[in-house]
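Input: a single structure, listed below in structure tokens.
The values are calculated or read from the model by the stated rules, or taken from the named source; none is laboratory data. Since this is a predicted model, take the numbers as computed values, not measurements. No Cβ is skipped: glycine too gets one built from the backbone with ideal geometry, and neighbour counts run over all protein chains shown.
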Amino acid sequence: MSRPESAPALRCRGVSRRFGDVVALDAVDLDVPAGSLTALLGPSGCGKTTLLRVVAGLERPDAGTVELGGRTVDGPGGSLPPEERGVGLVFQEHALFPHLDVAGNVGFGLRHLDRTARSARVAEVLDLVGLAGTGDRSPTVLSGGQRQRVALARALAPAPTLLLLDEPFSSLDAALRVALRDEVRTILRAAAQTALLVTHDQEEALSVADRVAVMFEGRLHQVADPQTLYGAPATPAVAAFIGDADVLPGRRAGRYLVDTPLGRLATTDAVASEEVAVVVRPEAVRLRARPDGPATVRSLTYYGRDQLVGVETADGARLRARRGPERDLARGDRVDVAVEGPVVTFPTH
Ligand SMILES: Nc1ncnc2c1ncn2[C@@H]1O[C@H](COP(=O)(O)OP(=O)(O)OP(=O)(O)O)[C@@H](O)[C@H]1O
Ligand SMILES: [Mg+2]
């Protein structure tokens, strides 16, 4: 038996949920370690909100168990109601109480405290989210970013075992979104708050979280730190979803060697079958202009700080190289292509 202190903040085992023919969650196993900021990342409709609602107790799973801080809150034995689970929730739409002022909103989950303790805690969390002194304002006069910080303060105030955030920045414009997500990471760290953040934005997941769980069609494909997800994706779907990637055909040439249209490349893991799909990141591709080089430049897409150069090899394989913004290559130029570092391969059968 594990002691409650060493238990993860959240442990899901075999959690499944169907809606008619739609399998929203398919035997999900997920741990959120205490103190971590874990992102749940996946495309629209993959089941992220459903998992959050199951954890919060707003939805019952068809199968599986949910534990919070070592305590079973859902399973064959029954289900604990949401208000007894000790989780905090922040949703995309701010959902503040318009008839309460900011302090009333933030203190909403603190009604068990006496007036002095409650107002001290409200002041503390308002300070934490950078809204000190706004307690007597109405939420209706605040900006979108301020309202979202009030929603965060309200969820943080009771110091929940686990904070669940469902796309909390998606209603904000791009610049505010980036600023607020960095701020929220700092706030959560300062409060030592364990959190599970739902997003479909891979940049948001990689830049904010220390662990990322990647989900497709109700199944978790991989749970890892951002560097591992990018460098060692567990499935082709993860490789394609995290960052840019091109896929080339490959044939096993040794335990850690594969033959590709770019020549023989080293692989990160043992090559698992005769024919494989080879994942190449544009960051790893080096181009050098040479008049009788084996590949031809087909496209140039300029981003300011860098550019993506698309090339085609003699046997028709296409891939992209990320390079600095210099204008030394033009469409139609012949180039040598080299791949730096080992590549990831997946069996194709
Ligand atoms: N109450 C419901 N009734 C019927 N189908 C539902 C219900 N809730 C969710 N679904 C379906 O379950 C699947 C997963 O939905 P969910 O809302 O969990 O996705 P999501 O990953 O949060 O997507 P998004 O990024 O768009 O918010 C979808 O196909 C959705 O249509
Ligand atoms: Mg959702």
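The table that follows gives values for the structure above.
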{"item": "Meets criteria (in contact with a helix residue (DSSP H, G or I) (Cβ under 6 Å, 6 or more places away or on another chain), at pLDDT below 95, away from ligand 2 (no atom under 16 Å from the Cβ) and charged (D, E, K, R)) for Arg185", "result": "yes"}
{"item": "Those residues of region 63-92 which are hydrophobic (A, V, I, L, M, F, W, C), within 30 Å of Pro139 (Cα to Cα) and within 16 Å of ligand 1 (Cβ to nearest atom), in sequence order", "result": "Leu89, Val90, Phe91"}
{"item": "Residue selected from region 1-43 under the condition within 16 Å of ligand 2 (Cβ to nearest atom) and in a loop (DSSP other than H, G, I, E, B), by the criterion nearest to Leu196 (Cα to Cα)", "result": "Gly42"}
{"item": "Any hit, region 234-251, residues being touching a Ser or Thr at 6+ places or on another chain (Cβ under 7 Å) and either within 28 Å of Val15 (Cα to Cα) or without any contact (Cβ under 8 Å) to a residue 40 or more places away in the chain (or both)", "result": "no"}
{"item": "Residue match in region 36-47 (condition: modelled with pLDDT of 95 or more, in contact with a Cys (Cβ under 7 Å, 6 or more places away or on another chain), at positive phi and buried (at least 18 other Cβ atoms within 10 Å of the Cβ))", "result": "no"}
{"item": "Number of the condition not met by Arg177 [criteria: (1) farther than 20 Å from Gln146 by Cα; (2) within 16 Å of ligand 1 (Cβ to nearest atom)]", "result": "(1)"}
{"item": "Cross-chain or 6+ apart pairs with Cβ under 6 Å, region 21-43 first and under 14 Å from Arg11 (Cα atoms), then in a loop (DSSP other than H, G, I, E, B) and within 16 Å of ligand 2 (Cβ to nearest atom)", "result": "none"}
{"item": "Residue among Leu131, Leu100, Leu164 that alone is modelled with pLDDT of 90 or more, within 16 Å of ligand 2 (Cβ to nearest atom) and either within 30 Å of Pro8 (Cβ to Cβ) or in a loop (DSSP other than H, G, I, E, B) (or both)", "result": "Leu164"}
{"item": "Residue check for Gly145: of a type in the set (Gly, Ala, Ser), under 30 Å from Lys48 (Cβ atoms), assigned by TED's automatic domain parsing to the domain that holds His200 and in contact with a Lys or Arg (Cβ under 8 Å, 6 or more places away or on another chain)", "result": "no"}
{"item": "Residues of region 44-69 classified as assigned to a loop (DSSP other than H, G, I, E, B), under 13 Å from Phe19 (Cβ atoms) and within 13 Å of ligand 2 (Cβ to nearest atom), total", "result": "3"}
{"item": "Filtered residue count, region 252-274, keeping only those that are out of contact with any Pro (no Cβ under 6 Å at 6 or more places or on another chain), touching a residue at least 60 places away in the same chain (Cβ under 8 Å) and loosely packed, with under 14 Cβ neighbours inside 10 Å", "result": "1"}
{"item": "Given (1) of a type in the set (D, E, K, R); (2) within 15 Å of ligand 1 (Cβ to nearest atom); (3) within 22 Å of the chain's Cα centre (by Cα), index of the condition Arg18 fails", "result": "(3)"}
{"item": "Residue identified as under 20 Å from Ala191 (Cβ atoms) and either at pLDDT below 95 or within 15 Å of ligand 1 (Cβ to nearest atom) (or both) among Ala9, Ala56, Ala24, Ala95", "result": "Ala56"}
{"item": "Test: residue in region 136-147 that is under 23 Å from Ala175 (Cα atoms) and basic (Lys, Arg)", "result": "yes"}
{"item": "Conditions (1) farther than 30 Å from His349 by Cβ; (2) small (Gly, Ala, Ser); (3) within 16 Å of ligand 2 (Cβ to nearest atom); number of the one not met by Gly218", "result": "(1)"}
{"item": "Residue in region 277-287 that is of a type in the set (Gly, Ala, Ser), surrounded by 13 or more Cβ atoms within 10 Å (Cβ to Cβ) and in a helix (DSSP H, G or I) present", "result": "yes"}
{"item": "Count - residues of region 307-349 that are in contact with a helix residue (DSSP H, G or I) (Cβ under 9 Å, 6 or more places away or on another chain) and loosely packed, with under 14 Cβ neighbours inside 10 Å", "result": "2"}
